[in-house]
Amino acid sequence: MKFNTKVIHGGQHHDPSTGAVMPPVYQTSTFVQTSPGKPLNPDYEYSRAANPTRTALEHALASIENGTRGLAFSSGLAATDCVLRGLKAGDEVIAMDDLYGGTYRMFTRIYKESGIVFHFVDMNDLEKFQSLINDNTRLVWVETPTNPLMKLADIAAIADITKKHPNILFAVDNTFATPYLQKPLDLGADIVMHSATKYLGGHSDVIAGALIVKDEELGSQLHFQQFATGATLGPQDSFLVLRGIKTLHLRVQRHCENGAKIAEFLLNHPKVECVYYPGLPSHPFHEIAKKQMIGGFGGMVTFTFKSGAKQDAIAFLEKLKVFTLAESLGGVESLANHPALMTHASIPEDKRKEIGITDDLVRLSVGVEDADDLIEDLKQALA
Ligand SMILES: Cc1ncc(COP(=O)(O)O)c(C=O)c1O
(Lines give C-alpha, C1' and ligand atoms only; values in the text may rest on other atoms or scores of the structure.)
Protein backbone atom coordinates (compact mmCIF):
# COMPACT_ATOMS: atom_id res chain seq x y z
CA MET A 1 0.00 0.00 0.00
CA LYS A 2 1.05 3.58 -0.58
CA PHE A 3 1.06 6.01 2.36
CA ASN A 4 -2.30 7.65 1.57
CA THR A 5 -3.95 4.23 1.60
CA LYS A 6 -2.05 3.05 4.67
CA VAL A 7 -3.33 5.90 6.85
CA ILE A 8 -6.85 4.59 6.23
CA HIS A 9 -6.42 0.82 5.89
CA GLY A 10 -2.94 -0.05 7.24
CA GLY A 11 -3.26 -2.90 9.75
CA GLN A 12 -7.03 -2.34 10.02
CA HIS A 13 -9.79 -4.95 10.04
CA HIS A 14 -13.54 -4.69 10.34
CA ASP A 15 -14.74 -5.49 13.84
CA PRO A 16 -15.12 -9.28 13.81
CA SER A 17 -18.16 -9.44 16.09
CA THR A 18 -20.35 -6.79 14.40
CA GLY A 19 -18.73 -5.85 11.09
CA ALA A 20 -18.33 -2.25 12.33
CA VAL A 21 -16.09 -0.38 9.89
CA MET A 22 -14.40 1.62 12.63
CA PRO A 23 -13.20 -0.32 15.68
CA PRO A 24 -15.59 0.24 18.58
CA VAL A 25 -14.32 1.99 21.70
CA TYR A 26 -13.81 -1.12 23.80
CA GLN A 27 -14.39 0.68 27.09
CA THR A 28 -13.53 -2.27 29.27
CA SER A 29 -10.77 -2.93 31.76
CA THR A 30 -10.97 -6.72 31.62
CA PHE A 31 -11.97 -9.70 29.45
CA VAL A 32 -13.78 -12.92 30.32
CA GLN A 33 -11.92 -16.20 30.85
CA THR A 34 -13.56 -19.58 30.25
CA SER A 35 -11.29 -21.33 32.75
CA PRO A 36 -8.57 -19.83 35.02
CA GLY A 37 -5.75 -18.61 32.78
CA LYS A 38 -7.82 -19.26 29.61
CA PRO A 39 -9.19 -15.99 28.20
CA LEU A 40 -12.06 -16.36 25.70
CA ASN A 41 -9.87 -14.47 23.24
CA PRO A 42 -6.20 -15.29 23.89
CA ASP A 43 -5.12 -11.77 22.84
CA TYR A 44 -7.03 -9.99 25.60
CA GLU A 45 -6.97 -10.45 29.38
CA TYR A 46 -6.64 -7.00 30.92
CA SER A 47 -6.57 -3.61 29.16
CA ARG A 48 -3.20 -2.49 30.54
CA ALA A 49 -1.66 -5.36 28.56
CA ALA A 50 -3.84 -4.98 25.46
CA ASN A 51 -7.18 -3.50 24.46
CA PRO A 52 -8.71 -4.00 20.99
CA THR A 53 -9.18 -0.27 20.26
CA ARG A 54 -5.58 0.40 21.27
CA THR A 55 -4.45 -2.61 19.20
CA ALA A 56 -6.16 -1.14 16.13
CA LEU A 57 -4.30 2.15 16.70
CA GLU A 58 -0.99 0.37 17.33
CA HIS A 59 -1.32 -1.53 14.05
CA ALA A 60 -2.01 1.75 12.24
CA LEU A 61 1.04 3.36 13.88
CA ALA A 62 3.30 0.47 12.81
CA SER A 63 1.92 0.64 9.29
CA ILE A 64 2.38 4.39 8.67
CA GLU A 65 5.95 4.42 10.04
CA ASN A 66 6.94 1.22 8.17
CA GLY A 67 7.59 -0.59 11.45
CA THR A 68 6.55 -3.98 12.75
CA ARG A 69 5.34 -2.88 16.19
CA GLY A 70 3.53 0.22 17.43
CA LEU A 71 2.84 1.08 21.07
CA ALA A 72 0.37 3.74 22.21
CA PHE A 73 1.04 5.69 25.42
CA SER A 74 -0.87 8.08 27.65
CA SER A 75 1.35 10.98 26.46
CA GLY A 76 4.38 11.70 24.32
CA LEU A 77 6.50 11.99 27.43
CA ALA A 78 5.27 8.59 28.64
CA ALA A 79 6.54 7.15 25.34
CA THR A 80 9.95 8.81 25.82
CA ASP A 81 10.03 7.63 29.43
CA CYS A 82 9.49 4.03 28.27
CA VAL A 83 12.68 4.19 26.19
CA LEU A 84 14.72 5.80 29.00
CA ARG A 85 13.57 3.18 31.51
CA GLY A 86 15.64 0.60 29.67
CA LEU A 87 18.80 2.41 30.87
CA LYS A 88 20.70 2.00 34.13
CA ALA A 89 23.06 4.20 36.17
CA GLY A 90 26.32 4.78 34.31
CA ASP A 91 24.76 4.44 30.86
CA GLU A 92 25.26 7.42 28.56
CA VAL A 93 22.88 9.21 26.22
CA ILE A 94 23.87 11.55 23.40
CA ALA A 95 21.03 13.94 22.64
CA MET A 96 20.45 16.82 20.29
CA ASP A 97 21.14 20.22 21.84
CA ASP A 98 17.68 21.58 20.97
CA LEU A 99 14.80 19.50 22.33
CA TYR A 100 11.21 19.98 23.43
CA GLY A 101 11.44 21.50 26.95
CA GLY A 102 9.64 18.58 28.60
CA THR A 103 12.04 16.05 27.07
CA TYR A 104 14.99 18.11 28.31
CA ARG A 105 13.39 18.34 31.76
CA MET A 106 12.89 14.55 31.92
CA PHE A 107 16.48 13.87 30.84
CA THR A 108 18.10 16.38 33.21
CA ARG A 109 15.81 16.29 36.25
CA ILE A 110 14.66 12.68 36.37
CA TYR A 111 17.18 10.45 34.62
CA LYS A 112 20.34 12.47 35.27
CA GLU A 113 19.39 12.26 38.96
CA SER A 114 19.35 8.46 38.68
CA GLY A 115 22.91 8.36 37.39
CA ILE A 116 22.46 8.39 33.63
CA VAL A 117 24.95 10.62 31.84
CA PHE A 118 23.69 13.00 29.14
CA HIS A 119 25.67 14.78 26.44
CA PHE A 120 23.78 17.50 24.56
CA VAL A 121 25.44 18.13 21.25
CA ASP A 122 25.02 19.82 17.89
CA MET A 123 24.11 16.74 15.84
CA ASN A 124 25.35 18.42 12.68
CA ASP A 125 28.86 18.28 14.01
CA LEU A 126 29.21 14.57 13.30
CA GLU A 127 32.85 14.51 14.35
CA LYS A 128 31.99 15.90 17.78
CA PHE A 129 29.07 13.47 18.01
CA GLN A 130 31.28 10.52 17.16
CA SER A 131 33.93 11.61 19.64
CA LEU A 132 31.36 11.33 22.46
CA ILE A 133 30.56 7.68 21.74
CA ASN A 134 32.15 5.26 24.20
CA ASP A 135 31.50 1.80 25.67
CA ASN A 136 28.78 3.19 27.96
CA THR A 137 26.78 4.90 25.20
CA ARG A 138 23.38 3.23 24.95
CA LEU A 139 21.05 5.76 23.33
CA VAL A 140 21.15 8.55 20.77
CA TRP A 141 18.11 10.84 20.92
CA VAL A 142 17.29 13.21 18.10
CA GLU A 143 14.38 15.51 17.38
CA THR A 144 14.17 16.70 13.76
CA PRO A 145 12.96 19.32 13.05
CA THR A 146 13.40 20.56 16.59
CA ASN A 147 10.94 22.38 18.79
CA PRO A 148 11.16 25.41 18.56
CA LEU A 149 14.24 26.32 16.50
CA MET A 150 13.53 24.06 13.53
CA LYS A 151 17.05 22.61 13.56
CA LEU A 152 17.48 19.45 11.54
CA ALA A 153 19.69 16.42 11.94
CA ASP A 154 20.68 14.10 9.11
CA ILE A 155 18.99 10.87 10.22
CA ALA A 156 20.70 8.61 7.66
CA ALA A 157 24.17 10.00 8.48
CA ILE A 158 23.64 9.48 12.23
CA ALA A 159 22.27 5.97 11.63
CA ASP A 160 25.38 5.10 9.60
CA ILE A 161 27.41 5.85 12.73
CA THR A 162 25.13 4.24 15.33
CA LYS A 163 24.79 1.05 13.25
CA LYS A 164 28.51 0.41 13.85
CA HIS A 165 27.77 0.12 17.58
CA PRO A 166 25.38 -2.78 18.31
CA ASN A 167 24.76 -1.58 21.90
CA ILE A 168 23.44 1.83 20.83
CA LEU A 169 19.79 2.50 20.06
CA PHE A 170 19.01 5.46 17.83
CA ALA A 171 15.64 7.13 18.56
CA VAL A 172 14.02 9.92 16.56
CA ASP A 173 11.21 12.16 17.80
CA ASN A 174 9.21 12.49 14.56
CA THR A 175 6.46 14.68 16.02
CA PHE A 176 7.09 17.77 13.86
CA ALA A 177 7.64 16.01 10.54
CA THR A 178 5.10 13.16 10.83
CA PRO A 179 5.53 9.98 8.75
CA TYR A 180 3.81 11.75 5.85
CA LEU A 181 7.03 13.74 5.35
CA GLN A 182 9.75 11.67 7.01
CA LYS A 183 10.20 8.00 7.90
CA PRO A 184 13.09 7.60 10.37
CA LEU A 185 12.97 3.78 10.42
CA ASP A 186 13.54 3.69 6.66
CA LEU A 187 16.48 6.05 7.17
CA GLY A 188 18.09 3.68 9.70
CA ALA A 189 16.72 4.74 13.11
CA ASP A 190 15.77 2.01 15.62
CA ILE A 191 12.90 3.79 17.38
CA VAL A 192 10.42 6.45 16.27
CA MET A 193 8.70 8.45 18.98
CA HIS A 194 5.65 10.73 18.62
CA SER A 195 3.74 13.12 20.71
CA ALA A 196 0.52 11.84 19.10
CA THR A 197 -1.13 14.79 20.84
CA LYS A 198 0.07 16.79 17.83
CA TYR A 199 -0.29 15.94 14.13
CA LEU A 200 -1.28 12.27 14.51
CA GLY A 201 -4.30 13.16 16.66
CA GLY A 202 -4.56 16.40 14.70
CA HIS A 203 -7.53 18.01 16.45
CA SER A 204 -6.18 19.26 19.80
CA ASP A 205 -8.53 16.96 21.68
CA VAL A 206 -6.27 14.24 23.11
CA ILE A 207 -2.94 13.72 24.92
CA ALA A 208 -1.18 10.65 23.54
CA GLY A 209 2.21 9.22 22.65
CA ALA A 210 3.65 6.52 20.44
CA LEU A 211 6.72 4.39 19.85
CA ILE A 212 7.26 2.45 16.66
CA VAL A 213 10.07 0.00 15.93
CA LYS A 214 11.09 -2.39 13.15
CA ASP A 215 12.88 -4.93 15.34
CA GLU A 216 10.38 -7.34 16.91
CA GLU A 217 12.59 -8.19 19.88
CA LEU A 218 12.98 -4.49 20.72
CA GLY A 219 9.21 -4.11 20.30
CA SER A 220 8.63 -6.87 22.87
CA GLN A 221 11.09 -5.29 25.32
CA LEU A 222 9.37 -1.91 25.05
CA HIS A 223 5.96 -3.51 25.39
CA PHE A 224 7.14 -5.24 28.55
CA GLN A 225 8.31 -1.89 30.01
CA GLN A 226 4.97 -0.32 29.12
CA PHE A 227 2.91 -3.20 30.51
CA ALA A 228 4.99 -3.35 33.69
CA THR A 229 4.84 0.40 34.39
CA GLY A 230 1.39 1.13 33.02
CA ALA A 231 1.34 4.35 30.95
CA THR A 232 -0.97 2.97 28.27
CA LEU A 233 -3.47 4.92 26.17
CA GLY A 234 -7.15 4.48 27.06
CA PRO A 235 -9.66 3.15 24.50
CA GLN A 236 -11.47 6.46 23.90
CA ASP A 237 -8.21 8.31 23.30
CA SER A 238 -6.95 5.45 21.09
CA PHE A 239 -10.07 5.87 18.98
CA LEU A 240 -9.47 9.61 18.63
CA VAL A 241 -5.85 9.18 17.50
CA LEU A 242 -6.85 6.45 15.05
CA ARG A 243 -9.51 8.72 13.59
CA GLY A 244 -6.96 11.53 13.33
CA ILE A 245 -4.49 9.32 11.44
CA LYS A 246 -7.08 8.66 8.73
CA THR A 247 -6.80 12.27 7.52
CA LEU A 248 -3.11 12.79 8.33
CA HIS A 249 -2.06 12.98 4.67
CA LEU A 250 -4.72 15.57 3.79
CA ARG A 251 -4.02 17.73 6.80
CA VAL A 252 -0.23 17.68 6.51
CA GLN A 253 -0.44 18.62 2.81
CA ARG A 254 -2.39 21.74 3.77
CA HIS A 255 -0.18 22.45 6.81
CA CYS A 256 2.81 22.42 4.41
CA GLU A 257 1.13 24.72 1.87
CA ASN A 258 0.05 27.21 4.53
CA GLY A 259 3.36 26.95 6.42
CA ALA A 260 5.31 27.82 3.26
CA LYS A 261 3.07 30.84 2.52
CA ILE A 262 3.40 32.16 6.04
CA ALA A 263 7.16 31.69 6.13
CA GLU A 264 7.40 33.66 2.88
CA PHE A 265 5.14 36.42 4.25
CA LEU A 266 7.18 36.75 7.44
CA LEU A 267 10.46 36.72 5.54
CA ASN A 268 9.39 39.85 3.67
CA HIS A 269 7.93 41.70 6.65
CA PRO A 270 9.94 44.75 7.78
CA LYS A 271 9.45 44.02 11.50
CA VAL A 272 10.69 40.42 11.27
CA GLU A 273 14.36 39.57 11.79
CA CYS A 274 14.76 35.78 11.35
CA VAL A 275 12.36 33.16 10.03
CA TYR A 276 13.07 29.53 10.86
CA TYR A 277 11.33 27.27 8.31
CA PRO A 278 13.13 24.31 6.69
CA GLY A 279 11.45 25.01 3.35
CA LEU A 280 13.21 28.36 2.93
CA PRO A 281 16.41 28.16 0.84
CA SER A 282 17.97 30.49 3.45
CA HIS A 283 17.34 27.94 6.24
CA PRO A 284 20.71 26.52 7.36
CA PHE A 285 19.42 22.95 7.10
CA HIS A 286 17.43 23.32 3.88
CA GLU A 287 19.59 20.76 2.03
CA ILE A 288 19.03 18.12 4.75
CA ALA A 289 15.32 18.97 4.73
CA LYS A 290 15.12 18.40 0.96
CA LYS A 291 16.90 15.08 1.38
CA GLN A 292 14.86 13.55 4.21
CA MET A 293 11.51 15.39 4.31
CA ILE A 294 9.70 14.19 1.23
CA GLY A 295 6.65 16.11 0.00
CA GLY A 296 6.90 19.33 2.03
CA PHE A 297 8.42 21.04 5.03
CA GLY A 298 5.60 21.02 7.59
CA GLY A 299 3.49 23.66 9.27
CA MET A 300 5.79 24.89 12.04
CA VAL A 301 7.29 28.35 11.60
CA THR A 302 9.34 30.25 14.17
CA PHE A 303 10.45 33.87 13.95
CA THR A 304 12.07 36.75 15.83
CA PHE A 305 11.55 40.53 15.80
CA LYS A 306 13.94 43.12 14.35
CA SER A 307 13.63 45.02 17.64
CA GLY A 308 14.68 41.92 19.59
CA ALA A 309 12.17 43.04 22.23
CA LYS A 310 10.25 40.58 24.39
CA GLN A 311 7.50 43.19 24.69
CA ASP A 312 6.98 43.20 20.90
CA ALA A 313 6.53 39.43 20.89
CA ILE A 314 4.03 39.62 23.76
CA ALA A 315 2.06 42.51 22.17
CA PHE A 316 1.93 40.58 18.87
CA LEU A 317 0.67 37.42 20.58
CA GLU A 318 -2.01 39.33 22.50
CA LYS A 319 -3.36 40.90 19.29
CA LEU A 320 -3.84 37.70 17.26
CA LYS A 321 -7.45 36.86 16.41
CA VAL A 322 -7.43 33.78 14.16
CA PHE A 323 -4.30 32.25 15.67
CA THR A 324 -4.98 31.12 19.23
CA LEU A 325 -2.38 31.84 21.90
CA ALA A 326 -1.89 28.39 23.44
CA GLU A 327 0.67 25.67 24.06
CA SER A 328 0.77 22.61 21.79
CA LEU A 329 0.81 22.34 18.00
CA GLY A 330 -0.22 20.15 15.08
CA GLY A 331 -3.98 20.62 15.30
CA VAL A 332 -6.23 21.84 12.50
CA GLU A 333 -6.41 25.28 14.10
CA SER A 334 -3.49 27.71 14.03
CA LEU A 335 -1.77 28.25 17.37
CA ALA A 336 0.87 30.74 18.51
CA ASN A 337 3.25 30.29 21.39
CA HIS A 338 6.02 32.15 23.22
CA PRO A 339 8.55 29.35 23.91
CA ALA A 340 10.56 31.21 26.57
CA LEU A 341 7.46 31.90 28.68
CA MET A 342 5.41 28.84 27.77
CA THR A 343 6.57 25.49 26.29
CA HIS A 344 10.29 25.93 27.03
CA ALA A 345 10.10 27.77 30.35
CA SER A 346 11.46 24.62 32.03
CA ILE A 347 14.84 25.15 30.31
CA PRO A 348 17.06 27.43 32.46
CA GLU A 349 17.37 30.98 31.09
CA ASP A 350 21.12 30.81 30.40
CA LYS A 351 20.71 27.51 28.54
CA ARG A 352 17.80 28.97 26.52
CA LYS A 353 19.94 31.94 25.51
CA GLU A 354 22.85 29.65 24.63
CA ILE A 355 20.76 27.60 22.17
CA GLY A 356 18.89 30.59 20.71
CA ILE A 357 15.47 30.54 22.40
CA THR A 358 15.43 34.30 22.81
CA ASP A 359 12.67 36.33 24.48
CA ASP A 360 11.48 37.73 21.12
CA LEU A 361 11.07 34.24 19.60
CA VAL A 362 7.53 33.28 18.56
CA ARG A 363 6.49 29.81 17.39
CA LEU A 364 3.54 29.35 15.05
CA SER A 365 1.74 26.09 14.45
CA VAL A 366 0.14 26.91 11.12
CA GLY A 367 -3.23 25.21 10.81
CA VAL A 368 -5.37 24.28 7.82
CA GLU A 369 -7.52 27.42 7.65
CA ASP A 370 -7.52 29.70 4.59
CA ALA A 371 -3.96 31.04 4.24
CA ASP A 372 -5.24 34.54 3.34
CA ASP A 373 -7.07 34.81 6.67
CA LEU A 374 -3.97 33.68 8.54
CA ILE A 375 -1.77 36.21 6.77
CA GLU A 376 -4.27 39.02 7.40
CA ASP A 377 -4.23 38.08 11.08
CA LEU A 378 -0.43 38.18 11.26
CA LYS A 379 -0.43 41.51 9.38
CA GLN A 380 -2.77 43.22 11.81
CA ALA A 381 -0.98 41.82 14.87
CA LEU A 382 2.43 42.90 13.56
CA ALA A 383 1.08 46.36 12.68
C1 LIG B 1 8.56 17.49 19.80
C2 LIG B 1 7.80 17.06 21.03
N3 LIG B 1 8.12 15.88 21.60
C4 LIG B 1 7.48 15.45 22.71
C5 LIG B 1 6.47 16.19 23.30
C6 LIG B 1 5.78 15.67 24.53
O7 LIG B 1 4.53 15.16 24.18
P8 LIG B 1 3.25 15.18 25.17
O9 LIG B 1 2.93 16.61 25.44
O10 LIG B 1 2.20 14.46 24.36
O11 LIG B 1 3.63 14.43 26.38
C12 LIG B 1 6.11 17.40 22.72
C13 LIG B 1 5.06 18.23 23.34
O14 LIG B 1 4.88 19.39 23.00
C15 LIG B 1 6.79 17.86 21.55
O16 LIG B 1 6.50 19.02 20.97
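The values are calculated or read from the model by the stated rules, or taken from the named source; none is laboratory data. Everything quoted here is computed from the prediction, not taken from an experiment. All Cβ positions, even for glycine, are placed from backbone atoms using ideal geometry, and neighbour counts span all protein chains on display. To get the accessible areas, we keep the full protein, side chains included, count just its heavy atoms, and leave off ligands, DNA and RNA. Shrake-Rupley method; radii C 1.70, N 1.55, O 1.52, S 1.80 Å.
Close amide H contacts of Lys151 (hydrogens built in the peptide plane, cut-off under 5 Å, sequence separation of 5 or more or a different chain): Thr146.
Here the 3J(HN,Hα) profile of the stretch 274-280, calculated from phi with Karplus coefficients 6.51, -1.76 and 1.60 at θ = phi - 60°, is 10, 10, 9, 8, x, x, 7 Hz, Gly and Pro shown as x.
Could you list, in their original order, any pairs among Lys261/Lys310; Lys164/Lys261; Lys128/Lys183 whose Cα atoms are separated by more than 31 Å? As for pairs spanning more than 31 Å Cα to Cα, those are Lys164/Lys261. Between the helical axis of 235-245 and the longest alpha-carbon principal axis of the chain there is an angle of about 50 degrees. One decimal place: the segment Thr68-Thr247 gains 62.3 nm when fully extended, by the rule 0.36 nm per residue minus the C-alpha distance. Could you list which residues have their amide H under 5 Å from that of Leu325, counting only those 5 or more apart in sequence or on another chain, with H placed in the peptide plane? Amide H to amide H, under 5 Å and 5 or more residues apart or across chains, Leu325 pairs with Ala336.
For the stretch 321-383, the list of trypsin sites (Lys or Arg not before Pro) that fall in a loop by DSSP and count at most 11 other C-beta atoms within 10 angstrom reads Lys321.
Between Ala49 and Ser220, the simple label model (points 7 Å from Cα in the Cβ direction) yields a spacing of 1.5 nm. May I ask you to give the percent of accessible area on the stretch 303-354 that is carbon plus sulfur, with a probe radius of 1.4 Å? Reported share for carbon and sulfur atoms: 52 percent. Sparse packing (at most 13 other Cβ atoms within 10 Å of the Cβ) combined with a DSSP loop state is found for the following trypsin sites (Lys or Arg not before Pro) in the stretch 160-253: Lys163, Lys164.
DSSP beta bridges fully contained in the chain are about 55 percent antiparallel. Length gained on full extension, Ser282 to Val32, computed as 0.36 nm times the residue gap minus the Cα-Cα distance: 84.0 nm. Shown here for the stretch 99-171: GluC sites (Glu not before Pro) in loop regions (DSSP other than H, G, I, E, B) with at most 13 other Cβ atoms within 10 Å, namely Glu113. Relative to the compact-globule estimate of 2.2 N^0.38 Å, the Cα radius of gyration of the stretch 248-382 comes out at 1.00. Computed in the context of the full set of protein chains, the accessible area of the stretch 1-85 at 1.4 Å probe radius has 56% of its extent on carbon or sulfur.
Every pair of different Cα atoms in the stretch 38-160 enters the Kirkwood calculation, which places the hydrodynamic radius at 16.5 Å. Relative to the longest principal axis of the Cα atoms of the chain, helix 371-382 runs at roughly 50 degrees. Considering helices alone, the calculated mean residue ellipticity of the chain at 222 nm is -10000 deg cm²/dmol, with DSSP H runs of length four and up weighted by -39500 (n - 2.57) and normalised per residue. For the chain, a crude dipole built from +1 on the beta carbon of Lys and Arg and -1 on the beta carbon of Asp and Glu, taken about the Cα centre, is about 440 debye to the nearest 20. Entry note, the stretch 7-145: relative contact order of 19 percent, from Cα contacts under 8 Å with a spacing of 6+ residues. Springs join every pair of Cα atoms under 10 Å in this Gaussian network model of the chain, and among Ala157, Ala260, Ala340 the largest mean-square fluctuation is at Ala157.
Per-residue Karplus couplings for the stretch 202-218, computed as 6.51 cos²θ - 1.76 cosθ + 1.60 with θ equal to phi - 60°, are listed in order as x, 10, 6, 10, 7, 9, 7, x, 8, 10, 9, 9, 9, 7, 5, 5, 4 Hz, Gly and Pro entered as x.
Seen against the Cα atoms of the chain and their longest principal axis, helix 52-64 is set at about 50 degrees. Amide H contacts of Tyr26: Thr53, each under 5 Å away and 5 or more positions distant or on a separate chain (H built 1.01 Å from N in the peptide plane; Pro and chain starts excluded).
What the stretch 3-245 shows is 40 Å² of accessible area per residue, with the surface traced by a 1.4 Å probe over protein heavy atoms. The Stokes-Einstein estimate for the chain, based on a Kirkwood radius over Cα pairs and taken at 4 °C with 1.567 mPa s viscosity, is a diffusion coefficient of 61 µm²/s.
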